[in-house]
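For reference, the structure discussed in these notes is given below.
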Amino acid sequence: MRVKTILPEKIKEAAGSVLPLALIVALLSLMAVPVPSGLMLAFIVAAAMLVAGMGLFTLGTDASMTPIGTHIGARITKTRSVPLITALSFLLGAAITIAEPDLQVLAVSVPHIDTWLLMLTVSAGVGFFLSTSMLRILYGVELRWLLLGFYALVFILAGVSDAGFLSVAFDSGGVTTGPMTVPFIMAMGAGVASIRSDRNAESDSFGLVGLCSIGPVLAVLLLGFINPGAGGASQAQALPSWGDTLELGASYISSLPHYLLETGMALAPIVIIFLIFQAACLHLRRLPFTKIIIGVLYTYAGLTLFLAGVNVGFSPLGTYLGSALASGGARWALAPIAMLLGWFIIRAEPAVHVLNRQVEEMSSGAISARAMGLSLSLAVALGNGLALVRVLTGINILWFLLPGYAIALALSFFVPKLFTAIAFDSGGVASGPMTAAFMLPLAMGASEALGGNVMTDAFGLVAMVAMTPLITVQAMGAAYKLRERRMERQEAELAAAADAAGEDVIELWGAAS
């Protein structure tokens with residue numbers, strides 16, 4: 001692993017995600033919202049920790065989680081045993097999800113559900129749907145029918161579920177498809193797809209992320225039926241304060257042992273599974289095995305820094321800003337500010353640039369990466385804006401999600417199948433770490449200041465951000481399809497004109513003779 005060359009690149013990518021948000025927040029704090037200097041200093045320290053943490057984390061996942069997913073996926077597919085593939089997919093999906101940083105940030109933010117209970121519930125949902133996704137790839141089941149069936153079940157349960165679980169359930173689906181799970185799931189999907197030799201095998205490996213994001217929604221809704229007493233409204237949380245810089249430094253230092261333990265517990269299941277596979281059947285050589293172990297250590301260090309920075313200094317300022325804007329005369333500015341933040345956050349996400357290039361290559365340049373990026377930026381800005389409108393008005397989230405998903409599922413019948421798969425995958429890409437770490441606390445602070453119910457009004461922001469790209473990406477697919485048909489029609493007209501011209505020439509020669 002060339003750490004000296006790769007780490008600066010990863011740090012640069014992380015800075016691109018964090019710094020635009022930090023600059024906008026700094027401008028708000030200096031020009032519009034008075035922020036306590038201790039809280040602002042904690043935010044600056046946290047931003048630096050997030051940049052370092054995300055850089056180490058992504059470096060570590062590239063070196064460890066993706067190879068682990070590839071090696072294990074390839075190994076279990078060689079058995080060609082459907083029961084074994086299904087069982088191990090469930091186990092691996094659950095194990096990798098527990099270590100997802102977005103999920104850990106959300107779980108800590110939910111006050112009325114035990115953190116580990118929520119994480120285990122969500123992980124079980126991802127595991128079940130990863131098994132379902134593997135079966136879909138093996139048997140070539142069409143994605144749109146699975147999406148229709150499972151989302152119908154989701155909205156039936158949502159209609160009769162506890163309101164305190166509803167928004168959290170949909171948010172859970174958005175946060176589980178993050179930088180830890182996505183590369184691992186995609187690597188496993190590619191391995192299982194290699195069993196099939198037909199031309200649709202590769203395209204069927206897309207859509208895994210979209211399907212796996214349904215599992216947590218169903219799992220948390222079911223948890224609400226099993227444990228309904230936990231769905232009450234949350235209490236306002238006291239913001240931290242520090243008397244001086246020494247207290248601030250001590251706060252960060254004292255938090256590290258806690259997050260070291262939390263991160264170790266989260267990473268332990270997938271590491272143990274890998275070590276069992278290594279001893280039983282992988283038998284990797286010393287060098288690749290050592291690289292994976294070093295990658296796990298980078299992941300461990302990065303995730304610890306990320307969680308400490310988010311919880312000590314990053315999220316509290318988001319909560320404070322939301323509260324200050326909502327309680328003052330600038331509550332009207334909440335939605336526009338959220339849209340501005342969403343626009344810049346999504347444009348700085350490295351995974352988005354990968355998706356944009358994929359679509360450009362897939363469409364042979366008919367849809368440029370720039371146009372794709374613009375559509376995602378508009379989608380995420382719209383999702384953030386609508387989420388803050390909900391905070392201000394208290395409108396039930398189903399009034400947004402039900403028509404949104406209905407439009408997305410209806411579009412799946414009019415666009416190329418691959419675009420549908422990529423659209424549902426893109427929802428997970430759009431709801432990146434910054435959405436759960438800052439935008440959700442902003443909405444929570446605003447809801448508390450307005451006297452609303454945080455559980456029903458503020459939660460659901462991640463779900464809104466994850467939903468809107470389903471529509472915009474498929475709209476791009478529809479545009480691609482129309483353009484393709486127009487080009488085919490023009491080519492047919494040109495060919496017909498050429499044939500007609502050829503016939504005329506033959507007739508003239510015939511007349512001349």
Practice problem: Tell me which residues, restricted to segment 186-240, are in a helix (DSSP H, G or I), within 17 Å of Leu92 (Cβ to Cβ) and modelled with pLDDT under 85. | Solution: Met186, Ala187, Met188, Gly189, Ala190, Gly191, Val192, Ala193, Leu208, Val209
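Taking the condition of being under 30 Å from Leu21 (Cα atoms) and part of a helix (DSSP H, G or I), how many residues in segment 276-331 meet it?
So the answer is 34.
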Quiz item: For segment 449-464, what are the residues that are under 17 Å from Ala163 (Cα atoms) and not in a loop (DSSP other than H, G, I, E, B)?
Solution: Val454, Met455, Thr456, Asp457, Ala458, Leu461, Val462, Ala463, Met464
Quiz item: Among Arg390, Arg485, which is the only one that is free of Cβ contacts under 8 Å to residues at least 24 places away in the same chain, more than 18 Å from Val209 (Cα to Cα) and in a helix (DSSP H, G or I)?
Solution: Arg485
Quiz prompt | Single match in Val380, Val352, Val415 (criterion: closer than 18 Å to Met467 by Cα, in a helix (DSSP H, G or I), among the β-branched types (Val, Ile, Thr) and modelled with pLDDT of 85 or more) | solution = Val380
Quiz item: If you take the residues in segment 126-185 that are under 24 Å from Ile407 (Cα atoms) and among the acidic types (Asp, Glu), which one is modelled with the highest pLDDT?
Solution: Asp171
Quiz item: Among (1) in a helix (DSSP H, G or I); (2) more than 25 Å from Thr263 (Cβ to Cβ), where does Val141 come up short?
Solution: (1)
Practice problem: Can you give me the ranges of the helices (runs of 4 or more DSSP H) entirely in segment 64-122 with at least 1 residues that are without any contact (Cβ under 8 Å) to a residue 40 or more places away in the chain and under 18 Å from the mean Cα position of the chain (by Cα)? | Solution: 101-109
Quiz item: What are the residues in segment 154-174 that are small (Gly, Ala, Ser), part of a helix (DSSP H, G or I) and surrounded by 19 or more Cβ atoms within 10 Å (Cβ to Cβ), if any?
Solution: Ala158, Gly164, Ser167, Ala169, Ser172, Gly173, Gly174
Exercise. Would you mind stating whether Gly55 is in a helix (DSSP H, G or I) and either modelled with pLDDT of 85 or more or of a type in the set (Lys, Arg) (or both)?
Key: yes
Quiz prompt | Candidate set: segment 300-319, residues that are aromatic (Phe, Trp, Tyr) and crowded, with 22+ Cβ neighbours inside 10 Å; chosen: the one farthest from Ser255 (Cα to Cα) | solution = Phe314
Quiz item: Give me the pairs: first residue in segment 409-424 and within 13 Å of Met476 (Cβ to Cβ), second residue β-branched (Val, Ile, Thr), beta-carbon distance under 6 Å, and six or more apart or on different chains, which are they?
Solution: Ala423/Val473
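The values are calculated or read from the model by the stated rules, or taken from the named source; none is laboratory data. Since the structure is predicted, the reported quantities are computational estimates derived from the model, not experimental observations. Note that we place each Cβ from the backbone using ideal geometry, even for glycine, and neighbour counts take in every protein chain shown.
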